[in-house]
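Q: Sharing a structure with you now.
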Amino acid sequence: MALPVMLAFGLGLWPGPVPAGDPTRAVAERQAEMDRMAEAMRVLGRFLKGEAVTAAEIAAGAGAIHRIAAGLAAGLFPEGTAIGVGNSAARPEIWQEWDLFGQYATDLRAAAVRLAAVAATGDVRALREPVVAVVRACGACHELFRKKP
Amino acid sequence: MNPIGRFLSGGRPPALPALLPVLLLLALLVPAAAALRAQSQAERALRGQYLFDAAGCFGCHTDEVHGGQRLAGGRALETPFGTFYPPNITPDPIYGIGNWSDADFIRALRHGVRADGSPLFPAFPYTSYTLMDDGDILDLKAYLMAQKPVAQPNRPHELKDPFGWRVLMPAWNLMYLHVGPLDTNPRQSAQWNRGQYLVRALGHCGECHTPRDWLGGLDPHRALAGIPAADGGEAAPNLTPDPDTGLGRWSEADLLLLLEMGLKPDGDVVGGSMAEVVRNTTSQLTLADRKAIFAYLRSLPPLTAAGPTPPP
């Protein structure tokens, strides 16, 4: 299931949500993946706070974010994994507004691609704007679809 | 004595030619006064725009998710007491606040009373806005009055009894409303005082981050100590500088980044209503104001959280 979904996503298509085989396990796997996303975002945060971060570290982070963003449709958010399952913080609106959720996922993926491209140039001074774009892409989706905090 | 002087001393009215200089002067002064007032209102509105952002008016008074018109109200605010629908605050004279006087507007924010004299519910955070000073309240009003009027009627709240009984509000206010404005603390720096004003008055941070009792009043002994999620609602973290359960281990740069774009030190990004607060309010503040917020929060007595713990 995951491969055709990822292929569709790669072509710019946004497939429908897949059903969860084991919802509790799916929530745990999603959160583990989101923890890996947070690891990458922490590098971006250190950069934004003016700490010493190399363009190579940012490029690695952008790669991780891109990989995880591409997986958002491919099983990370199967149906039946909203708030109430495990310690899910995913609002049910994700599946009610699936196309909008897909738009946010596409935006994040595009922002990560751009960040990786700028990071590959090694020009740290040019990184702030694409880093901020990635952070804002996360925040836009979390505002609507993730329960605080 | 000239003809006007004689008239003022009880003499005959002056002839028209004698009045011409006065009429000419009036013809010049009246438009000049009107222009000055318009300029003053425009300046007030400009200052009011910043206060509007800092006070977070847009979020509650615009039903953004359903494509509602700006500031026309109607956004559902679900609480343990029922669902509130914030009103239209555009300058529409019938459905909005277009006919409110300065005194009406000050009374609403300072005392929680509508222009028709009926009490407001504290879902409108007048218990925080009461701490604003009159000048800021009127600047905010000038900004609202400069917005596009929208003829949209208000939707009645859907509240559980007895929380929907406005008649009880004066008693509630006696218990929980501490009428402002906020006093400056002369023992603290200007930055600290500004931070206090931003956190307690404009930003009304305590409305979400301070625990409430069963009547909905804020617990002053637990100010900003955070709240756990209840009834499916959102939790709010501890903002006091407790090192284990609060912001004690956050640097200034950590908090500035969170307020600017919602990114936490552990790489997580805020969600839900705090993401909205970051977008509409804290990201719109000046760097100096965000630093003032940090200075104030860092000075608070550390309290142990009852709610979620911010990341180290």
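Q: For chain A, what's the relative contact order in percent, using C-alpha pairs closer than 8 Å and at least 6 residues apart?
A: 30 percent
Q: Between A:GLU29 and B:TRP214, how high is the FRET efficiency from 1/(1 + (r/R0)^6) when r is the Cβ-Cβ distance and R₀ = 60 Å? Nearest 0.05.
A: For R0 = 60 Å, the calculated efficiency reads 0.90.
Q: Now for a different question. Using amide H atoms built in the peptide plane, which far-off residues or other-chain residues are under 5 Å from A:VAL18 H to H?
A: A:GLY75, A:GLU79
Q: Same structure, new question: What distance in nm lies between label points placed 7 Å from Cα along the C-beta direction at B:ARG37 and B:HIS221?
A: 5.3 nm
Q: If you take the Cα atoms of chain B, find Rg, then find the Kirkwood Rh from the mean of 1/r over all pairs, what is Rg/Rh?
A: 1.11
Q: What three numbers, in Å, describe the spread of the alpha carbons of region B:184-312 along their principal axes, ordered from the longest?
A: 39, 33, 28
Q: From the C-alpha gyration tensor of the protein assembly as shown, pull out the three semi-axes of the equivalent ellipsoid (sqrt of 5λ each), sorted largest to smallest, in whole Å.
A: Working through the eigenvalues yields semi-axes of 49, 27, 24 Å.
Q: Can you give me the angle between helix B:16-54 and the longest principal axis of chain B, using Cα atoms only, in degrees from 0 to 90, rounded to the nearest 10?
A: Around 0 degrees separate the two axes.
Q: Can you list residues whose amide H is under 5 Å from B:GLY82's amide H, if they're 5+ apart or on another chain and H is modeled 1.01 Å from N?
A: The list, which skips near neighbours in sequence, is B:LYS160.
Q: How large is the helix-only mean residue ellipticity at 222 nm for the protein assembly as shown, computed as the sum of -39500 (n - 2.57) over DSSP H runs with n ≥ 4, divided by its residue count, in deg cm²/dmol to the nearest 500?
A: One gets -15000 deg cm²/dmol as the mean residue ellipticity at 222 nm.
Q: Top to bottom by accessible area (1.4 Å), largest first, where do B:THR304, B:THR245 land?
A: Most to least solvent-accessible, the answer reads B:THR304, B:THR245.
Q: Compute the relative contact order of chain B as a whole-number percentage, counting only Cα pairs closer than 8 Å that sit 6 or more residues apart in sequence.
A: It comes to 17 percent, rounded to a whole number.
Q: Can you tell me the 0 to 90 degree angle between the C-alpha axis of helix A:23-48 and the longest principal axis of chain A, rounded to 10?
A: Computed tilt is about 20 degrees.
Q: Something else now. Quickly work out the B:SER118-to-B:LEU28 label distance, labels modelled 7 Å from Cα along the C-beta direction, and quote it in nm with one decimal.
A: 5.2 nm
Q: Can you give the accessible area of B:HIS111 in Å² (nearest 10), computed on protein heavy atoms with a 1.4 Å probe?
A: We get 80 Å² for B:HIS111.
Q: Report the extension gain between B:SER299 and B:LEU19 in nm, rounded to one decimal, defined as 0.36 nm multiplied by the number of residues separating them, less their alpha carbon distance.
A: Stretched out fully, the B:SER299 to B:LEU19 stretch lengthens by 94.2 nm.
Q: Relative contact order for region B:184-312: what is it in percent, counting Cα pairs under 8 Å that are at least 6 residues apart?
A: Relative contact order comes out at 34 percent.
Q: Let me ask you something else. Hey, any idea what the orientation-averaged projected area of the convex hull of chain A's Cα atoms comes to, in nm²?
A: Mean projected area of the Cα convex hull: 8.4 nm².
Q: Say we join alpha carbon atoms closer than 10 Å with springs in a Gaussian network model of chain A; which of A:GLU29, A:GLU39, A:GLU51 then has the biggest fluctuation?
A: A:GLU51
Q: Quick one: Cα convex hull volume of region B:42-181, Å³ per residue?
A: So the per-residue hull volume is 105 Å³.
Q: Work the Kirkwood hydrodynamic radius out for region B:218-260: mean of 1/r over every pair of different alpha-carbon atoms, inverted, in Å.
A: 11.5 Å is the Kirkwood radius here.
Q: Which order do B:TRP250, B:TRP214 take by accessible area at a 1.4 Å probe, largest first?
A: Per-residue accessible area, sorted high to low, gives B:TRP214, B:TRP250.
The values are calculated or read from the model by the stated rules, or taken from the named source; none is laboratory data. For clarity, every value in this text was computed on a predicted model and none was experimentally measured. A quick note on method: Cβ atoms are made from the backbone with ideal geometry, for glycine too, and the neighbour counts reach across all protein chains shown. Protein only, heavy atoms only, side chains kept; ligands, DNA and RNA dropped before computing areas. Shrake-Rupley method; radii C 1.70, N 1.55, O 1.52, S 1.80 Å.
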